[in-house]
Amino acid sequence: MKQHKSFQQLLLQLKPTSHVREQLREIAILIYKIMVIQTYHLLWTAYLKSGTGQLILQVQTQSLYSLTSSIWPKQVTAMVSMTNTNSVNENEIYLNFVNKHLLKLNAQLRSYKHNLNIKANHYSGYTLAIQNCIETYIEQHLQSFRLNIEHHIELLHYDYHIRALKLEYLRHCSNEYQKQQLKEICQTKYAQEMAEQESRLIKQQMNYSNLPNQSTLIDSIQSIDIRQQLFNEYKEIAVQSRANLFHVYMKSIEDERQEYRKKFEDQMEKIQPIHELTDDNNPKLSPIMIQLIDQRCQKITERLKCIYRFKAQITL
C-alpha cells in the first residue's frame with residue numbers, strides 16, 4: 001500500500017530528531033492497536049447480541065419467526081468446544097465466554113488509551129492535527145482488515161435469520177419426513193445459488209483479467225519484425241485458448257445451475273398442498289411450514305450474494 005502523503009508531509013515539516021521520530025512511532029503503534037481492538041470489539045459485541053437475541057432490530061411488520069431467540073454463532077460454539085468444559089448449561093457457557101473476551105478487549109483498550117495519553121502529553125509538539133494525520137494513515141492501512149470484519153458481521157445477520165427460521169420450522173414438525181424436506185430443499189437452493197454466483201463472478205473476472213503483454217522467450221528474439229509476428233500469433237492463440245476454456249467451464253456451471261434450479265422447482269412444487277400426497281407416516285406440510293422453507297431459501301440466496309459481492313470487491 002502506498003504511503004499516506006499527509007503523513008509523509010508531516011514528517012518533512014516537523015523534521016523530527018531520531019528521538020521525536022521514535023516517539024511518533026510509539027504513538028502510531030498505540031493508535032493502531034486501539035483501532036484494531038475497537039474493530040474486534042464490534043465483532044464480539046455482535047456475537048453477544050446474537051447469543052442474547054438482540055442482533056436483529058425489531059420490524060413493525062409481524063414476522064413468522066422469533067427475532068429474539070438466543071442463537072450463538074458457530075464461531076463461538078467452535079471456540080468453546082475446544083475448552084473441553086463440563087458445564088451443563090450451554091447458554092451460560094457461551095455467555096460467560098463472550099463476556100470474558102469483551103472484558104479482556106475493554107481492558108486492553110483502556111490500557112492502550114492510557115499509554116497513548118501519557119506519550120502524547122510527554123511530546124510537547126503533539127497536536128490534534130498530528131493525531132488526525134496519523135489516524136488517517138493507519139485507517140488506510142487497516143481498510144482491508146475492517147472490511148473483512150464488517151463482512152463477517154453482515155454474515156452473522158444472515159446466519160441468525162437462517163437458523164431462526166429453522167428453529168421455528170422444527171417447532172411445527174411432527175415427523176422426520178418434514179425435517180428431511182427442509183434439509184433437502186435448502187441444500188438444493190444452496191447448490192443452485194452457488195452455481196449462479198460462481199458463474200457471475202467468473203464472467204466478471206474474465207472481463208477484468210488481461211492477457212500477458214509479453215513473453216520472455218519471444219522478447220529474447222533480436223529481430224523486431226519476427227518478434228512482433230510471433231507475439232501476435234502468441235496472443236491470438238492465447239485469446240482463443242482462453243475463450244475455449246471459458247466456454248467449456250461456463251457451460252458446465254450453467255448446466256449445473258439449470259439442473260439444481262429444476263430440482264428446486266420440483267421440490268417446491270411437490271410440497272404444495274394440491275400436489276402433496278398425505279399418509280400416516282408422511283403428513284403434509286402446513287402452509288406456514290412452506291412459507292418458512294421459502295423464506296429460509298431467500299435468506300440463503302441473500303447470504304451467498306453477500307459473499308460473492310465481497311469476493312468481487314476484493315478480487316476485481
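Quick note: the coordinates plus some simple rules give every number you see, no bench work behind them. Since this is a predicted model, take the numbers as computed values, not measurements. Note that we place each Cβ from the backbone using ideal geometry, even for glycine, and neighbour counts take in every protein chain shown.
Y112 sits among other residues whose Cβ lies under 14 Å from its own Cβ, and their net charge, with Lys and Arg +1 and Asp and Glu -1, is +3.
With both labels modelled 7 Å from their Cα along Cα-to-Cβ, the R25 to M82 distance reads 3.3 nm.
Each peptide in 254-260, 302-308, 49-55 gets a packing score, the mean of other Cβ atoms within 10 Å over its residues, and the list from highest to lowest is 49-55, 302-308, 254-260.
The label point for A312 and the one for T136, both projected 7 Å from the Cα toward the Cβ, are 3.2 nm apart. Working from Cα pairs under 8 Å separated by at least six residues, relative contact order for the stretch 1-172 is 39 percent.
Label-to-label distance for R200 and L128 is 4.4 nm, based on points extended 7 Å past Cα in the beta-carbon direction.
May I ask for the net charge around Q197, where only other residues with Cβ less than 14 Å from the Cβ of Q197 are counted and Lys, Arg are +1 while Asp, Glu are -1?
Working: positive: K189, R200, K203, R257, R261, R303, K305, R309, K311; negative: E193, E196, E198, E254, E256, E302.
Taking every other residue near Q197 into account, the sum is +3.
Listed from fewest to most Cβ neighbours within 10 Å, the set K119, K104 follows the order K104, K119.
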